[in-house]
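**Q** Here it is, the structure in full.
A short reminder: the numbers here are calculations on the coordinates, not readings from a lab. It should be emphasised that the depicted structure is a prediction, and the values quoted were computed from it without experimental measurement. All Cβ positions, glycine included, derive from the backbone under ideal geometry; neighbour counts span all protein chains shown.
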Amino acid sequence: MPEALGNRLKERRSELGLTQAELAERCGVSRKTINTVENGVFVPSTLLALKLAAALDRRVEELFWVEP
């Protein structure tokens, strides 16, 4: 069974009171990209993961993990 990437993006984004569109703007991507990453449909590139972590003031490891 393939591994999946888990994430806490929605939880952290909500803590900060950000919409998907606001987070997308901070990262230079579309709202749809944020939506697909949050829902596990799209695995972000390393660059996007680093941008998301910076925008959400967390380390990448705090936002993403490999699901067994």
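**Q** Here's a check for you: in region 29-68, which residue that is loosely packed, with under 13 Cβ neighbours inside 10 Å and of a type in the set (Val, Ile, Thr) is farthest from Glu3 (Cα to Cα)?
**A** Ranking the qualifying residues of region 29-68, first place goes to Thr46.
**Q** Now, a different point. Would you mind stating whether Gly40 is at positive phi and either more than 12 Å from the chain's Cα centre (by Cα) or of a type in the set (D, E, K, R) (or both)? Full working, then the answer.
**A** On the way: at positive phi: yes; either more than 12 Å from the chain's Cα centre (by Cα) or of a type in the set (D, E, K, R) (or both): no.
No; evaluated as a whole, the condition is false for this residue.
**Q** Please determine, by comparing only the residues of region 1-28 that are buried (at least 17 other Cβ atoms within 10 Å of the Cβ) and either β-branched (Val, Ile, Thr) or within 23 Å of Pro68 (Cα to Cα) (or both), which one is nearest to the chain's Cα centre (by Cα). Explain how you work it out, then say what you get.
**A** Within region 1-28, the subset buried (at least 17 other Cβ atoms within 10 Å of the Cβ) is 7, 9, 12-13, 18, 20, 23-24, 27.
If we keep only those that are either β-branched (Val, Ile, Thr) or within 23 Å of Pro68 (Cα to Cα) (or both) too, we end up with 7, 9, 12.
Values: Asn7: 7, Leu9: 4, Arg12: 9 Å.
Only one residue fits best here, namely Leu9.
**Q** Still on this model: Could you tell me whether any residue of region 4-26 is in contact with a Phe, Trp or Tyr (Cβ under 8 Å, 6 or more places away or on another chain) and of a type in the set (Ser, Thr, Tyr)?
**A** No, region 4-26 contains no residue that is in contact with a Phe, Trp or Tyr (Cβ under 8 Å, 6 or more places away or on another chain) and of a type in the set (Ser, Thr, Tyr).
**Q** Moving on to the next point. For a quick check of your reading: which helices (runs of 4 or more DSSP H) sit entirely within the chain and have at least 2 residues that are of a type outside the set (D, E, K, R) and out of contact with any strand residue (DSSP E or B) (no Cβ under 7 Å at 6 or more places or on another chain)?
**A** Working: elements: 9-15, 20-27, 31-38, 46-55, 60-63.
Counting at least 2 such residues, we get 9-15, 20-27, 31-38, 46-55.
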